[in-house]
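Have a look at the structure below, then the notes.
The values are calculated or read from the model by the stated rules, or taken from the named source; none is laboratory data. What you see is a predicted model; the values in this text were computed from it and never measured. Every residue, glycine as well, gets a Cβ built from its backbone with ideal geometry; the counts of neighbours run over all protein chains shown.
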Amino acid sequence: MTDERPISDVDFVDLMRRRTQESAALSRALLEDRALLNSLEKAAMETSEVLSAGGKVLLFGNGGSAAQAQHIAAELVGRYKRERRGLPALALTVDTSCLTAIANDYSFDRVFARQVEALGARGDIVFAISTSGNSPSVLCGVEAAKSKGMIAVALTGRTGGSLKTKVDYCVMVPSDDTARIQEAHLLMGHTLCEYVEEALTRAAGRDGPPHPPRSTIIEREES
C-alpha cells in the first residue's frame, strides 16, 4: 500500500508562487532599467553587425552560465523563430577533451582564454556570462578576446563585478539572487537571438529596411 504522507512539510504551491512572483518582479525591473536596456540593445546591434560582416560569436561561462552559453549558441546555429542561414556561434564549454587538457596542462583559469586565442579573430564578438562578474576563467577569456581586437559583452548580476571594467558592454541584471539572474540572462539571450534574426533578415532585403547602422549606436551612446 502506498504511503501518501508527504516527505516534507514544505508547501510546494506556495514556494512556486513566491518564486514566480520574484521572477515576474525582476522581469518588470529589467524594463525599468534604462542602462541595462541600452547596453543590451548595443550588444544586439553589434552582434548583428559582426555576423553580417562574416564574423562569429563565442560564448562562455561556468556552471549554469555554461548552459546559458550553449543555449544561446544553439539558437544562433540552428534557429530561434525564423528560417534563415545558420549563424556561426560557438560555446567554449562543450569540448570536454579541450577543457580538461587546458585545465590539466595550464590551469582552469585558462580554459576559455586558450580557446579564444585559437578560435577568435579581430572583429568577432564574445559573450562572457557570470552572475558574479568575478569568475577567474571568464575574466581571463575576456582579456584574451580584447587582446585580439574582439568585441566583449558581459552578462552579469547587479554590480558587474570585475568584468564591468573589462568589456565593451556590461549588461547587469538588478538582482543578487543567482537563480533569478540566470533566468533573466536566458530571457535576454532569447530576445537578442530574435533581434539578430530579424535584423539579418531585413538586411538581406526580404522584410523591409536593415537594422540601424553603427552611427546610430554611437549617437545613442553619446546622448
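Among the residues of the stretch 66-90, the ones that are touching a residue at least 60 places away in the same chain (Cβ under 8 Å), out of contact with any Cys (no Cβ under 8 Å at 6 or more places or on another chain), within 24 Å of Thr201 (Cα to Cα) and surrounded by 15 or more Cβ atoms within 10 Å (Cβ to Cβ) come to 5 in all. Of the candidates Ser23, Ser48, the single residue that is assigned to a helix (DSSP H, G or I) and under 26 Å from Ile125 (Cβ atoms) is Ser48.
Assessment of the stretch 91-102 against the conditions (buried (at least 16 other Cβ atoms within 10 Å of the Cβ), in contact with a strand residue (DSSP E or B) (Cβ under 7 Å, 6 or more places away or on another chain) and closer than 13 Å to Val142 by Cα) yields at least one matching residue. Looking only at the stretch 147-161, residues that are buried (at least 16 other Cβ atoms within 10 Å of the Cβ) and part of a helix (DSSP H, G or I) come to 1 in all.
Taking the stretch 7-20 on its own, how many of its residues are surrounded by 11 or more Cβ atoms within 10 Å (Cβ to Cβ) and either in contact with a Pro (Cβ under 9 Å, 6 or more places away or on another chain) or outside any loop (DSSP other than H, G, I, E, B) (or both)?
Start the filter on the stretch 7-20 by keeping residues that are surrounded by 11 or more Cβ atoms within 10 Å (Cβ to Cβ), which leaves 11, 17-19.
Still in the running and either in contact with a Pro (Cβ under 9 Å, 6 or more places away or on another chain) or outside any loop (DSSP other than H, G, I, E, B) (or both): 17-19.
Result for the stretch 7-20: 3.
Filtering the stretch 162-195 to residues that are buried (at least 22 other Cβ atoms within 10 Å of the Cβ) and touching a Cys at 6+ places or on another chain (Cβ under 9 Å) leaves only Leu163. Pairing each residue of the stretch 128-151 that is without any contact (Cβ under 8 Å) to a residue 60 or more places away in the chain with any residue that is of a type in the set (A, V, I, L, M, F, W, C) and part of a helix (DSSP H, G or I), provided the two are 6+ apart or on different chains, yields C-beta distances under 6 Å for Gly133/Leu163; Cys140/Ala113; Ala144/Ala113; Ala144/Val116.
When the residues of the stretch 112-134 are filtered to those that are aliphatic (A, V, I, L, M) and either in contact with a His (Cβ under 8 Å, 6 or more places away or on another chain) or assigned to a loop (DSSP other than H, G, I, E, B) (or both), the one that is surrounded by the most Cβ atoms within 10 Å (Cβ to Cβ) is Ile129.
Any residue in the stretch 50-59 that is over 18 Å from Ala199 (Cβ atoms) and in contact (Cβ under 8 Å) with a residue 12 or more places away in the chain? Yes, because at least one residue in the stretch 50-59 is over 18 Å from Ala199 (Cβ atoms) and in contact (Cβ under 8 Å) with a residue 12 or more places away in the chain. Residues that are at pLDDT below 75 and assigned to a helix (DSSP H, G or I) within the stretch 178-223 comprise Arg214, Ser215, Thr216, Ile217, Ile218, Glu219, Arg220, Glu221, Glu222, listed in sequence order. Any residue that is small (Gly, Ala, Ser) and assigned to a helix (DSSP H, G or I) - is there at least one of those in the stretch 85-98? So far as the stretch 85-98 goes, yes, one or more of its residues are small (Gly, Ala, Ser) and assigned to a helix (DSSP H, G or I).
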